[in-house]
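Nothing in this text is a laboratory measurement; each read-out follows from the coordinates by a stated rule. In this text the structure is predicted, and so the values were computed from the model without any measurement. Note that we place each Cβ from the backbone using ideal geometry, even for glycine, and neighbour counts take in every protein chain shown.
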Amino acid sequence: MTDSQIYVAIQGEKGSFHEVAANDYFRNERIIHVPCSTFDETVNSVVQGKADYAVMAIENARAGSILQLNVFRESGLKIIGELRLRIRQNLMALPGTTIGSLSEIRSHPIALAQCMEFLNTLKGMTLIEADDTAGSARIISEQKLTATGTIASASAAVIYGLEILAEGIETYKKNYTKFHIIGNESAMPAVGDKASVCFATGHKPGSLARFSRYLPKWISTFQRYNLFPG
């Protein structure tokens, strides 16, 4: 890219938590979002030069690992930064809608899973899994779905003109998602403060135990370059 703006690939549409994370991490930059529908597309946007960076969720405090590591590892891209984002889930629908008038709630399956304690109180509600939280909000807005709600970020409610019916409905109130910011090697900072290791072992008994023999040497190397706390 040649202008003063940076292009950041995100998974999901405007108002997704990936966009929230991108805005937070690059808060001092002028950014243009490059929405992508899959992890593969997000990574390839950087590989193909359509974006300078990509923001990718890798782990959630409740859902565990999210990132498809093979996609990232085979891309040749580097991790250049990290962000932990507090995920606050909100139930929203068209203005004037009440919770009692809803017959279905659609959202990303991880968002639904994070809110099951609340959702279990809504008797007879149909839950529908969708590809994206923000995408569900957009569809409800564009198609004027009066009996359908979604779970998404507060940003999505603003962008798509929806009304928040219940806020902070996530079950786990320490609901954080870790995002990695990835880019080409040329984008890596001159000084790092963290290292990530990815390895594979043979599918044989004792493989992991044999690998552990190398850990002291690796830890010593990380400490030497201040990549790993003592």
Legend entry - Virtual paramagnetic centre 7 Å along Cα→Cβ of Ser103, amide N under 13 Å, in the stretch 137-160: 145-149
Inset, instruction - Any chance you could run the full-extension gain for Lys173 through Arg210? It's 0.36 nm times the residue separation minus the Cα-Cα distance, nm to one decimal. - result: 9.4 nm
Inset, instruction - Could you tell me whether the stretch 45-187 comes out rounded, prolate or oblate from its Cα gyration tensor? Rule is a ≥ b ≥ c as square roots of the eigenvalues, rounded for a/c under 1.5, then prolate if a/b exceeds b/c, otherwise oblate. - result: prolate
Inset, instruction - Loop only per DSSP, at most 15 neighbouring Cβ atoms within 10 Å: give me the trypsin sites (Lys or Arg not before Pro) in the stretch 94-169, ordered by residue number. - result: Lys123, Lys144
Inset, instruction - Please report the relative contact order for the stretch 1-54, taking Cα pairs under 8 Å with a sequence separation of at least 6, and give it as a percent rounded to a whole number. - result: 49 percent
